[in-house]
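The values are calculated or read from the model by the stated rules, or taken from the named source; none is laboratory data. Predicted model only: the values in this text are computed from it and were never measured. Methodologically, a virtual Cβ is constructed for each residue, glycine included, from the backbone with ideal geometry; neighbour enumeration extends over all protein chains shown. Keep in mind that these areas ignore ligands, DNA and RNA; they rest on the heavy atoms of the full protein, side chains included. Shrake-Rupley method; radii C 1.70, N 1.55, O 1.52, S 1.80 Å.
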Amino acid sequence: MAISPPSDLVLDVVQAADPLEVQAAQARLKANRAAFAATSLAEKGAGFGAAVDILDGAASKAGLGNVQKTAHDETPKVYRDFESVVLQNFVKSMLPTDAEAVYGKGNAGEMWKSMMAEQIGGVLSENGGIGIADQMYSQELARHRTKGVINAAVDEKDRSVALSMVTDLERRTLGVSETEKHSA
């Protein structure tokens, strides 16, 4: 049986230690390793851009980048810009708040984070978004198509509901009861 004194000593110390302290030490080591990896990626200029490229590659392999645009192609830019602002707010609320190593500290960090959310929201909106722009545009088109058309068909139920609403309004505003109205 071979003995490796440094590793045997370390294992003896780990086995003798409190399990909670061992877990805490392992968590600190993992955090330091992750921080070092993030710092080295940022120094090499391969941080966020590299992560996005990896995600884009995975998405295209899965066929997510091959979406056929239909109604989105005819949606005016105004509606897409509105959807972009909505998506920007969604994305900004989802970004991590304790990532000072990525964005920076203070107001400058908040500005970088806001600019990143703005860009992500814009790209999402330009690539189809979540349907807000298309839905708003189709509702506006429907409103213009039915402009000037009056629904003249009224049944007895609609008439009685309208009369009861008018009576209720008169009673509340004028203090007129139904019996006083008929006796006058």
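Within the range 122-139, which residues are in a helix (DSSP H, G or I), surrounded by 13 or more Cβ atoms within 10 Å (Cβ to Cβ) and either without any contact (Cβ under 8 Å) to a residue 12 or more places away in the chain or in contact with a Leu (Cβ under 9 Å, 6 or more places away or on another chain) (or both)?
First, pick out the residues of the range 122-139 that are in a helix (DSSP H, G or I): 122-126, 132-139.
Filter once more, so that each one left must be surrounded by 13 or more Cβ atoms within 10 Å (Cβ to Cβ): 122-126, 132-138.
Within the range 122-139, 122, 123, 124, 125, 132, 135 meet the criteria.
Evaluated against (1) open to solvent by 90 Å² or more (accessible area, probe 1.4 Å); (2) assigned to a helix (DSSP H, G or I); (3) at pLDDT below 85, residue 119 falls short on exactly one condition, (3). For the range 156-172, a residue qualifies if it is open to solvent by less than 80 Å² (accessible area, probe 1.4 Å) and either at pLDDT below 85 or of a type outside the set (Val, Ile, Thr) (or both), and the qualifying residues are 160, 162, 164, 168, 170. Test each condition in (1) farther than 30 Å from residue 138 by Cβ; (2) in a helix (DSSP H, G or I); (3) modelled with pLDDT under 70 for residue 2 and report the one that comes out false. Failing condition for residue 2: (2).
Within the range 98-113, residues that are more than 18 Å from residue 36 (Cβ to Cβ) and open to solvent by 100 Å² or more (accessible area, probe 1.4 Å) reach partners that are modelled with pLDDT under 80 and not aromatic (Phe, Trp, Tyr) with beta carbons closer than 9 Å, at six or more positions or on different chains, in the pairs 111/104; 112/102; 112/104.
In this structure, does residue 81 turn out to be at pLDDT below 80, in a helix (DSSP H, G or I) and open to solvent by 50 Å² or more (accessible area, probe 1.4 Å)?
On the way: at pLDDT below 80: no; in a helix (DSSP H, G or I): yes; open to solvent by 50 Å² or more (accessible area, probe 1.4 Å): yes.
No: the conditions fail for residue 81.
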